[in-house]
Amino acid sequence: FHKIESVSTLPDFKLSGNSGGVVKLYDIQPLFKKIPEFLQLKEHIEEFNNLNVDVGGYGIIWGDDLDLSYDELWERGEEITGNGDF
């Protein structure tokens with residue numbers, strides 16, 4: 001069972017997540033259409049940049065109201081070759 005160790009934001013609403021030395025690139029833009037709550041991140045870039053790994057590494061959180069699960073990030077993210085976060 002894997003856990004997110006670190007996450008950072010990138011331009012164009014992308015995330016870089018690291019788990020066990022594997023780095024995944026995840027684009028949250030498709031979520032703007034699927035899940036209206038994610039639009040607040042598009043409208044307020046400072047909120048997008050204010051993210052954390054949740055306790056236990058099971059997902060990414062923005063405040064108390066918005067999160068993204070480890071499974072979503074890992075199943076739909078693109079693996080990046082190289083060393084560590086961007």
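Observations on the model:
- Given (1) among the aromatic types (Phe, Trp, Tyr); (2) open to solvent by 60 Å² or more (accessible area, probe 1.4 Å); (3) at pLDDT 95 or above, number of the condition PHE32 does not satisfy: (2)
- Residue within segment 73-84 that is in contact with a Gly (Cβ under 7 Å, 6 or more places away or on another chain), part of a helix (DSSP H, G or I) and open to solvent by less than 60 Å² (accessible area, probe 1.4 Å) present: yes
- Options LEU25, LEU15, LEU68, LEU41: the member that is open to solvent by less than 60 Å² (accessible area, probe 1.4 Å), in contact with a strand residue (DSSP E or B) (Cβ under 8 Å, 6 or more places away or on another chain) and not in a strand (DSSP E or B): LEU41
- Residues located in segment 49-64, provided they are open to solvent by 40 Å² or more (accessible area, probe 1.4 Å) and β-branched (Val, Ile, Thr): VAL53, VAL55, ILE61
- Subset of segment 19-48 (residues that are in contact (Cβ under 8 Å) with a residue 40 or more places away in the chain and within 10 Å of the chain's Cα centre (by Cα)): LYS24, LEU25, TYR26, ILE28
- Search result, residues across segment 48-65 that are more than 17 Å from HIS2 (Cα to Cα) and modelled with pLDDT under 95: GLY63, ASP64, ASP65
The values are calculated or read from the model by the stated rules, or taken from the named source; none is laboratory data. None of these values were measured; they are calculated from a predicted model. Please note: Cβ atoms are built from the backbone with ideal geometry, for glycine as well, and neighbour counts cover all protein chains shown. The area values use the complete protein model at the heavy-atom level, side chains included, leaving out ligands, DNA and RNA. Shrake-Rupley method; radii C 1.70, N 1.55, O 1.52, S 1.80 Å.
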